[in-house]
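Computed from the coordinates by the stated procedures, all read-outs in this text should not be read as laboratory data. For clarity, every value in this text was computed on a predicted model and none was experimentally measured. Because the Cβ atoms are built from the backbone with ideal geometry, glycine has one as well, and the counts that use them run over all protein chains shown.
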Amino acid sequence: MAKQHSNIKTVPRKEDLRPVEVYFNKLNASHQNPTNRLLHFICIPLMLFGILAIAWAIPFPYIKFIGSYNGFFNWASFLIAFSVYYTLKLSPNLSYTMLLVLFVLSYGVSKLAEWQLAGGLPLIWVGTILFAIAWLGQFIGGQIEGKKESFADDKQLVLITPIWVLHFLAKRIGLRY
């Protein structure tokens, strides 16, 4: 007797979804407009860059036992560590991808810090300006979308949004998240 294969796709029940998928579904529901999504894909990395720059610019205390490694630690280091730890529990693959992205953004921030030392704009100003521009872009995207912000119901979505953006890239290149 031959097995019959059904082409019927089943929709996973909410209780069968991983927590990261539940968060992504909430974000997907409030980000249907293609322009809003595009603005998020541009503004989220820009916002992360601005936040890293601001954290980098805040003076970090000298810690004697760290010794010669003091120059390698700043508030952005702790922000990166928290971000990677938080996302690691939700999706290890996206967490590793996030770490790579944060290293690339940190390299850019370090170059801006060098530029500041050479007489350029203060890093905290650059970070604040970039953050404000990115926030404005997201605000405009939200207005285009015309739906209630998903963050109003669940504040954790603010922390999930960067890996939500990354998960689209992961899906495109065939990386399981």
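Rounded to the nearest 10 degrees, the angle from helix 34-57 to the longest Cα principal axis of the chain is 30 degrees.
Applying a threshold of 27 Å to the alpha-carbon distances of Lys89/Lys171; Lys89/Lys155; Lys111/Lys147 flags Lys111/Lys147 as lying beyond it. Here the simple spin-label model places points 7 Å from the Cα toward Cβ, and for Phe60 and Tyr86 these points are separated by 1.9 nm. From its DSSP helices (H runs of at least four residues, each -39,500 (n - 2.57)), the chain gives a residue-normalised ellipticity at 222 nm of -22500 deg cm²/dmol. Amide H to amide H distances under 5 Å link Gly120 with no residue, where only residues 5 or more positions off or on other chains count and H is placed in the peptide plane.
Relative to the current alpha-carbon distance between Thr128 and Gln156, full extension at 0.36 nm per residue lengthens the span by 7.8 nm. Once C-alpha pairs closer than 8 Å and six or more residues apart are averaged by separation and normalised to the residue number of the chain, the relative contact order reads 38 percent.
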